[in-house]
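Right, one structure below, let's go through it.
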Amino acid sequence: MRTGEGSCEEGTSIEAALPEESVIVISDDEGEISALGNSVLLIEEASEQSATPEKRKLEVLDDELAITFSKKAHVMPHARYDCTSHPFVRAEEEISLPLEQNADFCPECYCYICDKHASECSSWTLPSACHCNAHNKSKYWKEHRDLALAGVLTMFQLDLTEIDAELKEGGNKLQHFLSELSQVQQTYREGMLMIRDNIIKCVCSCHGSKKTRCNSCNLVHTPMLVHSYLPVYKLVTEYLNRAEKEHPKTAGVMLLGVAREIILEKIIENPYPLPDGTNNVKEATNHLVSRIVSILQRFMVLGDYPSNLYEKFIMFFQAIPLPSHCIFLLNSLNVLRWDNCLLSSVLSGQNLSGTRTRKGKREYLSESLPVVQSRVQRLEMDSCYRQLVRYLLAVKCGDQNGLQYLKQKIPFYMCKYGDFPAAANFLIHSKGMQYPVARYLLPSQYEIYLTMLLTKSCPPGNELIADETWIPCEGPSLKTGVLLRTAIRMMHCNNMMIHEPKCWSVLVRIWSTSDTLSKDGKLVPRVIPEPDKPFQMMVQDMSCSILDELQRQWNVHLPPPFHQCSKLSAELIVLIQAITRFMMSSPLPLQPMLELVFAFGFNLWALDLLIQNITSLKDLLSAFMTSIDKELRANEQQVLNTLDFRGATYTSQLISVFLLHEYDNVRFFGLHMINILIKNTTRYGWTPIVANNLRSTVIHMNNTPTFNNSLKQQLLSKLDRLTG
């Protein structure tokens, strides 16, 4: 470039002092530079005279261009073909020897293929390689460079700009494994001699005789060449186990690369079938590729691949020529992206059916089970519970059993976003399911659901697992009577629960729990006032028809007492009547019942009502008392821990329920509890309070034939010992 003073058309001149540092100008227009490549453009060195202070001016030639004087620039690292010190001759593909002076290089020349300094390139002048001739205008050398830098990743048609550290790691691990796999595959192709008798014992009549063996016997005892795929299957299985734990991009490369390798494996038929299916190449390949596809489907949902990588992975798999036994997997990686129009409309609530008509053709939101499972996992992790419910209600899946299993958590998700009325309804009327969700519940899950519906809260996390701390959720409460109808109807939907004593204990425990959590998210006991006797008798009479109706349907009309201020007492009486029916229909001896006794909490008037209900049934009453007394003896320390937690008032009231009964076997249980406390007076400081409370109860007892003065004296003596 010519240097000197100049002026613009208007004659404007701006003078400025220039630094003594050199300036390098990089051209953006490669087409204007014929001799050099696109790495470096140097301004012609200015003469010493022109660099005098008087001539160091900034000349404005037009509104956008300014020229400055400079000294010679420092040469920066560059590709060999861009070197200004040594001429370079281009050719499309010359690998036999260096062209003219191409082998020469300056201290800053780098190999275009290796990205190393020219002096460090082992193939710089090597015949059949000759990297000194490489340049960026040759298709051959560009492909060679991509292969050198990308390795096996070139099979995915990835640009170098798309390859990051995770993809590079996947390529390295795939390349290392393929070299290991090729040796095992070669062993499979070569086969090994095996005698069929090692698998199936010969039962031929001539077996073991000295006569000449028959053809059938010879076939069994003659060594034959067989090809067992089992070593390959085991090696690939271990590799897949490692790939599952990798980053999604790394795993995608590892899985697709090995899928192509095993799909293209030559199928060699054996002379006789081997016992394990994994010995057979068809069955083993089918199983391995199916697993690879399932893992990839999960990563494509959870990994959130960039769109270009997403499409190239799919194109790579579809380009693999699938054999007939794997053809069903052809479109298995066509997984919908999260931004798919149909999927996003379902998640946003704009399309509740999961169907749409496009160009006169009806489309359905249908996905394989691994994809559905992965979407559920992703939506759970993101706490998108409302979208998750919409998705599960709309999606279709070939594996109906797997989809039904996932749908069982829909009521839980509804509670998570605060729609408790919808959750209660779905437990009984499960849309899109063969049976209601209540049919599949375990007793522990039954209690969690009732607790959520009662307290408008949920356990932390995404599993139906009880926790001491509950998280309140904003949402509408259940209408009056809905919890009672739902709880009993759920029992009738589940044959296992209706015959399980723990579930009846759950019912009582729920009604003895407050619908408001403590400040630290804990469940709080609830005391329900004892209604008068006429009210109890009235509700008991109503209970029979209510329970009969709840066996048939959910939407049962509840009479006025269930909508008044005493509704909790009325509901608890209905539950007591339901438990009485359960006990009457249960085979004797009764299963453990002590949990039921403690489930009443501080509502001991309800426990007394239950005992009165079965008093006329002497065999049932005897079985009930025998069951709880047996448990008391077996779990004495557990009972003491419960009494210690609830305190002296509760303990004295509980013992009074049994002591005041008219039958000896009931009173005996109360005496047994007193004896246990006597043995532990030194351990618990509240036992004297229990003794004082019981003493006032015993003194005011009527002198009846069933509770005479002798028994009173015996009790008072025990209470004195309890006082210590």
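The values are calculated or read from the model by the stated rules, or taken from the named source; none is laboratory data. Given the structure is predicted, the values throughout are model-derived calculations rather than measurements. Using ideal geometry, Cβ is built from the backbone for each residue, glycine included, and neighbour counts are taken over all protein chains shown.
Answer yes if at least one residue in region 280-290 is touching a Gly at 6+ places or on another chain (Cβ under 9 Å), of a type in the set (Val, Ile, Thr), more than 15 Å from Pro370 (Cα to Cα) and assigned by TED's automatic domain parsing to the domain that holds Lys168, and no otherwise. No, region 280-290 has no match at all. So which of Tyr446, Tyr440 ends up being closer than 26 Å to Ile579 by Cα, of a type outside the set (A, V, I, L, M, F, W, C) and crowded, with 20+ Cβ neighbours inside 10 Å? Tyr446 is the lone residue from the list that is closer than 26 Å to Ile579 by Cα, of a type outside the set (A, V, I, L, M, F, W, C) and crowded, with 20+ Cβ neighbours inside 10 Å. State yes or no: is Gly461 under 19 Å from the mean Cα position of the chain (by Cα), farther than 23 Å from Trp511 by Cβ and part of a loop (DSSP other than H, G, I, E, B)? Yes: the conditions hold for Gly461. Across region 534-566, the qualifying residues are those that are part of a helix (DSSP H, G or I) and modelled with pLDDT under 85, and the one among them that is surrounded by the fewest Cβ atoms within 10 Å (Cβ to Cβ) is Pro560. Considering region 222-264, the residues that are farther than 22 Å from Ile295 by Cβ and exposed (fewer than 14 other Cβ atoms within 10 Å of the Cβ) include one that is modelled with the highest pLDDT, namely Leu225. Within region 465-472, is even one residue within 24 Å of Lys522 (Cα to Cα), touching a residue at least 60 places away in the same chain (Cβ under 8 Å) and surrounded by 13 or more Cβ atoms within 10 Å (Cβ to Cβ)? Checked region 465-472: no residue is within 24 Å of Lys522 (Cα to Cα), touching a residue at least 60 places away in the same chain (Cβ under 8 Å) and surrounded by 13 or more Cβ atoms within 10 Å (Cβ to Cβ).
Listed here are the residues, each with its yes/no results for (1) loosely packed, with under 15 Cβ neighbours inside 10 Å; (2) in contact with a strand residue (DSSP E or B) (Cβ under 7 Å, 6 or more places away or on another chain).
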{"position": "Ala79", "(1), (2)": "no, yes"}
{"position": "Ser96", "(1), (2)": "yes, no"}
{"position": "Glu100", "(1), (2)": "yes, no"}
{"position": "Phe105", "(1), (2)": "no, no"}
{"position": "Ser122", "(1), (2)": "yes, no"}
{"position": "Ala129", "(1), (2)": "no, no"}
{"position": "Asn133", "(1), (2)": "no, no"}
{"position": "Gly151", "(1), (2)": "no, no"}
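The single residue among Cys326, Cys341 that is touching a residue at least 24 places away in the same chain (Cβ under 8 Å) and either surrounded by 13 or more Cβ atoms within 10 Å (Cβ to Cβ) or hydrophobic (A, V, I, L, M, F, W, C) (or both) turns out to be Cys326.
Residues being at pLDDT 85 or above, over 17 Å from Leu333 (Cβ atoms), aromatic (Phe, Trp, Tyr) and over 19 Å from the mean Cα position of the chain (by Cα) are entirely absent from region 269-276. Right, Leu572: under 45 Å from the mean Cα position of the chain (by Cα) and either crowded, with 18+ Cβ neighbours inside 10 Å or modelled with pLDDT of 90 or more (or both) or not? Yes; evaluated as a whole, the condition is true for this residue. Of all residues in region 567-593, those that are in a loop (DSSP other than H, G, I, E, B) and either β-branched (Val, Ile, Thr) or in contact (Cβ under 8 Å) with a residue 60 or more places away in the chain (or both) total 5. Of everything in region 154-170 that is farther than 18 Å from Ser307 by Cβ and touching a residue at least 40 places away in the same chain (Cβ under 8 Å), the residue that is nearest to the chain's Cα centre (by Cα) is Gly170. Selection within region 602-627: residues that are more than 17 Å from Leu575 (Cα to Cα) and not aliphatic (A, V, I, L, M). The member of this set that is surrounded by the fewest Cβ atoms within 10 Å (Cβ to Cβ) is Ser616. Restricting region 409-437 to residues that are polar (S, T, N, Q) and surrounded by fewer than 20 Cβ atoms within 10 Å (Cβ to Cβ), the residue that is farthest from the chain's Cα centre (by Cα) is Asn425.
Residues that are over 21 Å from Tyr449 (Cβ atoms) and surrounded by 20 or more Cβ atoms within 10 Å (Cβ to Cβ) do occur in region 581-588, at least one of them.
Taking first residues from region 434-454 that are touching a residue at least 24 places away in the same chain (Cβ under 8 Å) and partners that are among the acidic types (Asp, Glu), the Cβ contacts under 7 Å between residues at least 6 apart in sequence or on separate chains come to Pro443/Glu500; Leu454/Asp515. Of all residues in region 629-675, those satisfying the criterion of being assigned to a helix (DSSP H, G or I) and among the polar types (S, T, N, Q) are Gln637, Gln638, Asn641, Thr642, Thr649, Thr651, Ser652, Gln653, Ser656, Asn665, Asn675.
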